[in-house]
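Take a look at the structure set out below.
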Amino acid sequence: MADFEVPELQEIPVIPKLKEGAMAHSSPFISKEQFQIPLGYPGELVENWEEKVYEKMDDLRKRYRSFQVYLDACVKCGACTDKCHYYLGTSDPKNMPVARQDLLRKVYRGKFTAAGKFWTKLGMPWMVGAAEMTKELLDEWYSYFHQCSQCRRCSVYCPYGIDTAEISMAAREIMDSVGVGQKYCNEIIGKVFKIGNNLGLPQPALVDTLEGLEEEVQEDTGVAVKFPLDVKGADILLVTPSADFFAEPHVDGLIGYAKVFHETGASWTMSSHASEAGNFGMFIGSYENMRRVSRRIREAAIELGVKRIVFGECGHAWRIAYSFLNTLAGPWDFLDPNYPVPQHICEYTYDAIQAGKLKFDKSQNDWRTMTFHDSCNVARASRMGPKPGGQFEIPRAVIKAVCNNFHDMPAETIGEATFCCGGGGGLLTDDLMEIRVKGAKPRAEALKSVVEEQGVTHMAAICAICKSQFTKVLPYYGFTMDQIVSVHQLVGDAIVLTKSDSDE
Amino acid sequence: MTALSYFFVFLFYAATAVFVIGVARKIMQYARTPAPLKIPTTPAPVTQTGVVFRMAREVVLFSSLFKSNKWTWVFGWMFHFALLLAFVRHLRYAISSDNILWPLINNSLVLAAGQYGALAMLLGLTGLFGRRIFVDRVRYISAPSDYLMLILIFAIATTGAMMSFVTHTDIVQLKSFVLGLIWFNWQPLPNDGLLITHLALVALLMLIFPISKLLHAPGLFFSPTRNQVDNPREKRHISPWGQAIDDAEAKAKA
Ligand code: SF4
Ligand code: SF4
């Protein structure tokens, strides 16, 4: 099934012994000129690139406090070394968060610190872990900074909160700036600029798909649930990952949102201009590109004259929506001040449940025993509701409102300690299959334990990347792809449609 | 006064200057560097007061490290707490006996805590050193400077502990040397090999502080994942350079 060894799941996960170079061969496809130029990057490795790397590093450390402080503060205590799912799954020491940071930090030390410069002059830069930029090192950067899903698990456990994701983003931005970009991310960002979503679905295709969904739901339920697109004057703009338009199980989530909107009698619409919640600008560490993608949502909100913005199920998208959207595309003073901007679809559904607006037949989900995968970006980089930790409670409350059988996975693998699916941060591409499978090992172990002990049959997620990743990689560990479901798929399956027409 | 005493007077002024100016410059650099985005590691406090508590838990209890690794936490916390005790004990060399703080400093409990703290410090350092050698992951990420730093502090603690447990130095003369430094009325340093080693190593530590990983101390307070309030939807966060991008775009459109 795979041309690499699929790790064996362990009953009690153990911290592996180092295997140097175990993943040194893993690198994603390099971006070509046609994908670099639209993002404002050179098409190939520039001349004099070492100098340019130093210059960009200098620029970033002056613009990002996180980058500057984290390069200085690490004491090499080792607390983070066993926290990364990629280390746990591959045993490659360079997948330990601090070692990943050190690939970049050693260049910083050699070039920008007194101690590093001193020992470099004496010909012994290794005394203080300093090094010069070389082509081999650049290749290592390219390899290992694309073995980080920017999930922030390491930052939870570091005594100084050092977030390797910040270093990975900076490294990718530096590499892009000298012409070494990742094809997967950069091609996708280009599609958003040109068409409006990661999948490159143009407006007519969206219309088609949504009409198909309306027919499908009508047939299933006998109720005319609408999937509106580009409706001017609607109250709510739903921004959702484009995978929701056709991928499984994503689309069942979209059907769930539509049913919830139908039942709450909401006036809502999607937008073909902002037909993507995801924003790969974050993965490549580019404020400018991330901002440009985000501005499309502002443009759509103004164009359609909506009053609220709600985001569909997607992890990194929710991080950007919740934490960055106000910065990148705000202020939102033209929207209804009675609602946070933006809201998560789980917050919307949760509020509707609390207000008694939704009726469920929970028995519809009785054939499933559920668990819930906390997506890394939702867990450690965002919130839902007014209280810290709402990002854990609200999705679970929604699931429990529509399902009778629910069990959490072991505590050290959920909540703020959750393990990434292994496909985040721009790694969800076929050319990185090996690292994706190995990175999913800790989650697969946790899932296996509840499958065996509590009889769990399905795992729900609220992230398009998690869903795509799990359907693809969990089969390597003996699960089936349909064991992954959307949270709003469960909602959609249990909801009792009482209003016969969404236009009433 | 001997040449050696003069040398130490000079050394301590130089080390203090490097330490104070170096750390101040770093703090200024951190404070001036913008944080363009909201990146607290969540769940995070939603108020400024909450952030103060979060930070206090990190500084006083090393709470993230506690979550992470109990051994590193035990050794690391023991070492740092002992450092605090030792610091307090050393104040008696710098505070004259007519100071109002004197009864507080010169009380037998504080002095004993400082003295026995030295043993805890050595134990903590040994534990940290052991982890660096024996845990393959920690060994992998350690540079020579990481070992040397532990050895340096170990040597400082050992020479210090020896002076209080084994041979005693002339603390009256030492105190007049220290007060002399403070009041620019220089006095001779006791001629004691242990003391001289101890002081030289302390000066070395001060000299390398601003150019080493010891910057973790000020760094923690500036770590955006720990010091930011989780309120991005309620309050717009924008950096000067982020604002400049917005302004340039607005101007281009107008
Ligand atoms: S951010 Fe996640 S993937 Fe990256 S080093 Fe940290 S734990 Fe690993
Ligand atoms: S936990 Fe933090 S300080 Fe310790 S080694 Fe990892 S990044 Fe460095």
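Quick one: in segment B:191-200, of everything that is assigned to a helix (DSSP H, G or I) and surrounded by fewer than 20 Cβ atoms within 10 Å (Cβ to Cβ), which residue is nearest to the other protein chains (Cβ to nearest Cβ)?
Residues of segment B:191-200 assigned to a helix (DSSP H, G or I): B:193-200.
Those left that are additionally surrounded by fewer than 20 Cβ atoms within 10 Å (Cβ to Cβ): B:193-194, B:196-197, B:200.
Numbers: B:Gly193: 28, B:Leu194: 28, B:Ile196: 25, B:Thr197: 23, B:Ala200: 19 Å.
Here the residue is B:Ala200.
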**Any hit, segment A:102-115, residues being closer than 14 Å to B:Val138 by Cα and either hydroxyl-bearing (Ser, Thr, Tyr) or within 16 Å of ligand 2 (Cβ to nearest atom) (or both)** = yes
**Complete:** The number of residues in segment A:463-504 that are in a loop (DSSP other than H, G, I, E, B), out of contact with any Lys or Arg (no Cβ under 9 Å at 6 or more places or on another chain) and closer than 23 Å to A:Ser267 by Cα is 3
**Residue count for segment A:448-476, restricted to those that are touching a residue at least 60 places away in the same chain (Cβ under 8 Å), open to solvent by less than 30 Å² (accessible area, probe 1.4 Å) and under 22 Å from the mean Cα position of the chain (by Cα)** = 12
**Asked** Looking at segment A:1-34, which of the residues that are under 22 Å from A:Leu137 (Cα atoms) and within 14 Å of another protein chain (Cβ to nearest Cβ) is most open to solvent (accessible area, probe 1.4 Å)?
**Response** A:Glu20
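Working carefully through the options A:Glu445, A:Glu434, A:Glu416, find the one that is crowded, with 18+ Cβ neighbours inside 10 Å, within 16 Å of ligand 2 (Cβ to nearest atom) and either not charged (D, E, K, R) or not assigned by TED's automatic domain parsing to the domain that holds A:Asp482 (or both).
Values: A:Glu445 fails: within 16 Å of ligand 2 (Cβ to nearest atom); A:Glu434 fails: within 16 Å of ligand 2 (Cβ to nearest atom).
Of the residues listed, the single one that is crowded, with 18+ Cβ neighbours inside 10 Å, within 16 Å of ligand 2 (Cβ to nearest atom) and either not charged (D, E, K, R) or not assigned by TED's automatic domain parsing to the domain that holds A:Asp482 (or both) is A:Glu416.
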**Request:** Identify all residues within segment A:178-193 that are touching a residue at least 24 places away in the same chain (Cβ under 8 Å) and either within 9 Å of ligand 1 (Cβ to nearest atom) or not in a loop (DSSP other than H, G, I, E, B) (or both); write none if there are none.
**Result:** A:Gln182, A:Lys183, A:Tyr184, A:Cys185, A:Asn186, A:Glu187, A:Ile188, A:Ile189, A:Gly190, A:Val192, A:Phe193
**Asked** Quick one: is B:Leu214 open to solvent by 10 Å² or more (accessible area, probe 1.4 Å), among the aliphatic types (A, V, I, L, M), part of a helix (DSSP H, G or I) and within 14 Å of chain A (Cβ to nearest Cβ)?
**Response** yes
**Request:** Can you tell me which residue among A:Tyr350, A:Tyr339 is open to solvent by 20 Å² or more (accessible area, probe 1.4 Å), farther than 20 Å from B:His237 by Cα and touching a residue at least 12 places away in the same chain (Cβ under 8 Å)?
**Result:** A:Tyr350
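For every residue, the table says whether it meets (1) of a type in the set (S, T, N, Q); (2) at pLDDT below 95; (3) closer than 22 Å to A:Gly315 by Cα.
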residue: A:Gly116; (1), (2), (3): no, no, no
residue: A:Ser143; (1), (2), (3): yes, no, no
residue: A:Ser149; (1), (2), (3): yes, no, yes
residue: A:Thr164; (1), (2), (3): yes, no, yes
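Can you spot a residue in segment B:78-92 that is more than 25 Å from B:Val172 (Cβ to Cβ), within 19 Å of the chain's Cα centre (by Cα) and within 16 Å of ligand 2 (Cβ to nearest atom)?
Checked segment B:78-92: at least one residue is more than 25 Å from B:Val172 (Cβ to Cβ), within 19 Å of the chain's Cα centre (by Cα) and within 16 Å of ligand 2 (Cβ to nearest atom).
Residues are listed down the side, and each one gets a yes or a no for (1) more than 20 Å from A:Cys376 (Cβ to Cβ); (2) within 9 Å of ligand 1 (Cβ to nearest atom); (3) not assigned by TED's automatic domain parsing to the domain that holds A:Asp72:
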| residue | (1), (2), (3) |
| --- | --- |
| A:Ser143 | yes, no, no |
| A:Ser149 | no, yes, no |
| A:Gly161 | no, no, no |
| A:Ile167 | no, yes, no |
| A:Ala171 | no, no, no |
| A:Asp176 | yes, no, no |
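So that you can scan it fast, the table gives a plain yes or no per residue for (1) more than 12 Å from every other protein chain (Cβ to nearest Cβ); (2) more than 16 Å from ligand 2 (Cβ to nearest atom); (3) more than 27 Å from A:Arg436 (Cα to Cα):
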{"position": "A:Leu39", "(1), (2), (3)": "yes, yes, no"}
{"position": "A:Glu51", "(1), (2), (3)": "yes, yes, yes"}
{"position": "A:Lys62", "(1), (2), (3)": "no, yes, yes"}
{"position": "A:Asp72", "(1), (2), (3)": "no, no, yes"}
{"position": "A:Val75", "(1), (2), (3)": "no, no, yes"}
{"position": "A:Asn95", "(1), (2), (3)": "no, no, no"}
**Prompt:** Would you call A:Trp126 assigned to a helix (DSSP H, G or I), facing another protein chain (nearest Cβ under 9 Å) and surrounded by fewer than 24 Cβ atoms within 10 Å (Cβ to Cβ)?
**Reply:** yes
**Fill in**
For helices (runs of 4 or more DSSP H) lying entirely in segment B:91-167, having 3 or more residues that are within 14 Å of chain A (Cβ to nearest Cβ), open to solvent by less than 40 Å² (accessible area, probe 1.4 Å) and not aromatic (Phe, Trp, Tyr) picks out B:108-134, B:136-141, B:144-165
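State whether one or more residues within segment A:297-311 are of a type in the set (A, V, I, L, M, F, W, C), in contact with a His (Cβ under 7 Å, 6 or more places away or on another chain), away from chain B (no Cβ under 14 Å) and surrounded by fewer than 24 Cβ atoms within 10 Å (Cβ to Cβ).
Keep residues of segment A:297-311 that are of a type in the set (A, V, I, L, M, F, W, C), which gives A:297, A:300-302, A:304, A:306, A:309-311.
Narrowing further to those that are in contact with a His (Cβ under 7 Å, 6 or more places away or on another chain): A:300, A:311.
Now restrict to residues that are away from chain B (no Cβ under 14 Å): A:300.
Checking which are surrounded by fewer than 24 Cβ atoms within 10 Å (Cβ to Cβ) leaves us with A:300.
Scanning segment A:297-311 turns up at least one residue that is of a type in the set (A, V, I, L, M, F, W, C), in contact with a His (Cβ under 7 Å, 6 or more places away or on another chain), away from chain B (no Cβ under 14 Å) and surrounded by fewer than 24 Cβ atoms within 10 Å (Cβ to Cβ).
So in segment A:353-388, with the set limited to residues that are more than 14 Å from chain B (Cβ to nearest Cβ), polar (S, T, N, Q) and open to solvent by less than 20 Å² (accessible area, probe 1.4 Å), which one is nearest to the chain's Cα centre (by Cα)?
Step one: list which residues in segment A:353-388 are more than 14 Å from chain B (Cβ to nearest Cβ), which gives A:353-373.
Still in the list and also polar (S, T, N, Q): A:354, A:363-365, A:369, A:371.
Cutting the leftovers down to open to solvent by less than 20 Å² (accessible area, probe 1.4 Å) gives us A:365, A:371.
Working: A:Asn365: 27, A:Thr371: 19 Å.
Checked segment A:353-388; the qualifying residue nearest to the chain's Cα centre (by Cα) is A:Thr371.
Considering every residue within segment A:148-167, establish whether at least one is away from every other protein chain (no Cβ under 13 Å), assigned to a helix (DSSP H, G or I) and away from ligand 2 (no atom under 13 Å from the Cβ).
Restricting attention to segment A:148-167, the residues satisfying the condition of being away from every other protein chain (no Cβ under 13 Å) are A:148-149.
Pick out the ones that are also assigned to a helix (DSSP H, G or I) and you get none.
No, the conditions are met nowhere in segment A:148-167.
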**Item:** Single condition B:Phe62 does not satisfy, out of (1) on the phi < 0 side of the Ramachandran plot; (2) modelled with pLDDT of 95 or more; (3) open to solvent by less than 70 Å² (accessible area, probe 1.4 Å)
**Value:** (1)
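Results for (1) within 16 Å of ligand 1 (Cβ to nearest atom); (2) over 22 Å from B:Phe66 (Cα atoms); (3) outside any loop (DSSP other than H, G, I, E, B), shown as yes or no for each residue.
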site	(1), (2), (3)
A:Tyr54	no, yes, yes
A:Leu60	no, yes, yes
A:Ser66	yes, yes, yes
A:Leu71	yes, yes, yes
A:Thr81	yes, no, no
A:Tyr86	yes, yes, yes
**Complete:** Inside segment B:217-228, the number of residues satisfying the requirement of being within 8 Å of chain A (Cβ to nearest Cβ) and open to solvent by 10 Å² or more (accessible area, probe 1.4 Å) is 2
**Prompt:** Within segment A:355-371, is there a residue that is under 28 Å from B:Thr41 (Cα atoms) and modelled with pLDDT under 95?
**Reply:** no
**Request:** Mind counting the residues in segment B:229-241 that are more than 8 Å from every other protein chain (Cβ to nearest Cβ) and buried (at least 22 other Cβ atoms within 10 Å of the Cβ)?
**Result:** 0
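The values are calculated or read from the model by the stated rules, or taken from the named source; none is laboratory data. This is a predicted model, so every value here is computed, not measured. Counting neighbours? That spans all protein chains shown, and the Cβs are built from the backbone with ideal geometry, glycine included. Surface areas here come from the heavy atoms of the whole protein model, side chains and all, with no ligands, DNA or RNA. Shrake-Rupley method; radii C 1.70, N 1.55, O 1.52, S 1.80 Å.
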